[in-house]
Every structure is written in structure tokens, then in C-alpha cells.
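Read through the structure below, which is laid out as C-alpha cells, and then see the notes.
The values are calculated or read from the model by the stated rules, or taken from the named source; none is laboratory data. As the structure is a computational prediction, the values presented were derived from the model and not from experiment. Heads up, the Cβs are rebuilt from the backbone with ideal geometry, glycines too, and the neighbour counts pull from every protein chain shown. Heads up: the accessible areas ignore ligands, DNA and RNA and are worked out on the full protein's heavy atoms, side chains in. Shrake-Rupley method; radii C 1.70, N 1.55, O 1.52, S 1.80 Å.
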Amino acid sequence: MTGRSAMRTVTISRADPATAAGIAAVRNAAADWLTGQHGHGFWSGHCSERGVAGDIRRGATVHIALLGETVVGTMTLHTRKPWAIDPKYFAPDRRPLYLTNMAVAPDHQRCGVGRALLREAARIAAEWPADAVRLDAFDAPAGAGGFYARCGFTEVGRAAYRGVPLIYYEMMI
């Protein structure tokens, strides 16, 4: 099922090791789709089911969007700054959450799955409590910067981190 009607049955929940295969499949399908559309780039990397399961077991806060029992989207939230985030670009908040590894299965893009994941990130941040949700997007045609801006994130800077051109985004909570 694709299209806007699919959004009615999407649920967001915390992942567990049993969902690792579905998460890896979504992330890898999104990477393959981006590579097919934009050529090989930083977005082309794959993850493994074992790696995802290990992250979950070690306490990574991974969330999934489910359509029935099928994983169609995923994101990870962190309280610790990821390697690619340069804090000098962001407002001086005491408790931000960082969003990484967001992906939506290509067959379910443009039907609200990504927006639902971002709404959940904002809800979790408000309950944490966190002052902001921060993320980076590739500064390339394959990047999702326009999507994040349409969802209420503000661009706060651009930088190349370890050779990767990035755009930093922040949503104040």
C-alpha cells in the first residue's frame, strides 16, 4: 500500500532487536534509491541487521514507523552529539536531542511517514525534556534539507565535516 491512504495506519514505536532486519532493509533501500537517483555518494552506505540489532541492544533509541507489521521508516535519537555535528552552529541549549539515521522506504515516501517520525521526535524531546532537536543533512541533491525545512526545522549552518558537505538544522522545542 502506498500513497496518502497508507498514512492512516502508520504507527510509531520504539524498535527492538526483532525489528532490526526491517530497519536495515529500510535504510538500505533508501540508500539504494538515492544512489540510483543521484549516483554514488555519502548517502550510498549500507548497514547490517547485526549492526542495527547491536545498536538497539546497547541502548540506542531507535524508532520505527510501521504499516501493519512492516517497517516503513526509522530514526534514531541521541542525547550525545554525533560525530558530524559541530555545536558552534547551534543555539546554546543545555539538553538537545540529536536525530540520525532517518530513512523512509522508497515505496512509502511522500505519504507522511517522515513527517510522522519528526512529530514523534518533537514529542519525545518535549517529554525528555529537551530544548531542541538537531540534525544534519547532506548538502547535495540527495540531501533531505528541503524536507526538514518544510517540517519546521531551521537551517543554522553549513559545513564540511571530514569531507562531507552538510547542512545543520535545528527545531526549538
Relative contact order (%) - criterion: Cα under 8 Å, at least six apart; region: the chain
22
Please list, ordered by chain and number, the residues whose modelled amide H lies under 5 Å from the amide H of Thr154; skip anything fewer than 5 residues away on the same chain.
Glu170, Met171
20 °C / 1.002 mPa s Stokes-Einstein diffusion coefficient of the stretch 51-94, Kirkwood radius on C-alpha pairs, µm²/s:
167
Carbon-plus-sulfur fraction of the accessible area of the chain, 1.4 Å probe, in percent?
51
How do Met75, Met102, Met172 rank by accessible surface area computed with a 1.4 Å probe, from largest to smallest?
Met172, Met102, Met75
Roughly how many Å² of Asp136 are accessible to a 1.4 Å probe, to the nearest 10?
50
PRE zone check, label point 7 Å out along Cα-to-Cβ of Arg50, amide N under 18 Å, scope the stretch 13-37, hits 17-25, 28
Work out from phi, with θ = phi - 60° and the Karplus expression 6.51 cos²θ - 1.76 cosθ + 1.60, the ³J(HN,Hα) of each residue of the stretch 146-156, listed in order in whole Hz, and give x for Gly and Pro.
x, 4, 4, 4, 5, 8, x, 7, 10, 5, 10
Report the net charge of residues surrounding Lys88, where surrounding means a beta-carbon distance below 14 angstrom and charges are Lys +1, Arg +1, Asp -1, Glu -1.
-1
When you take every Cα atom in the stretch 1-96, what is the radius of gyration, and what is Dmax, the widest Cα pair distance, in Å?
15.4, 43
For the stretch 82-92, 3J(HN,Hα) per residue [Karplus equation, 6.51 cos²θ - 1.76 cosθ + 1.60, θ = phi - 60°, Hz, x = Gly/Pro]
x, 4, 7, 8, 9, x, 5, 8, 9, 4, x
Could you order peptides 63-69, 83-89 by the average number of other Cβ atoms within 10 Å of their residues, highest first?
63-69, 83-89
Within the stretch 156-173: backbone nitrogen closer than 14 Å to the Thr61 label point (7 Å, Cα to C-beta)
173
Test item: Cα-centred dipole of the stretch 31-173, Lys/Arg +1 and Asp/Glu -1 on Cβ, debye:
320
Using only the Cα atoms, work out Rg/Rh for the stretch 17-173, with Rh taken as the Kirkwood radius, to two decimals.
0.93
Springs between alpha-carbon atoms under 10 Å, Gaussian network over the chain: tell me which of Arg115, Arg95, Arg162 tops the mean-square fluctuations.
Arg162
With θ set to phi - 60°, apply the Karplus curve 6.51 cos²θ - 1.76 cosθ + 1.60 along the stretch 51-61 and write out the HN-Hα couplings as whole Hz, x wherever there is a Gly or Pro.
x, 5, 4, x, 4, 5, 4, 7, x, 4, 8
Expressed as a whole number of Å, what is the distance separating the alpha-carbon centroids of the stretch 42-82 and the stretch 87-147?
13
Placing unit charges on C-beta atoms (Lys and Arg positive, Asp and Glu negative, everything else neutral), compute the dipole magnitude of the stretch 14-81 about its Cα centre in debye, rounded to 20.
360
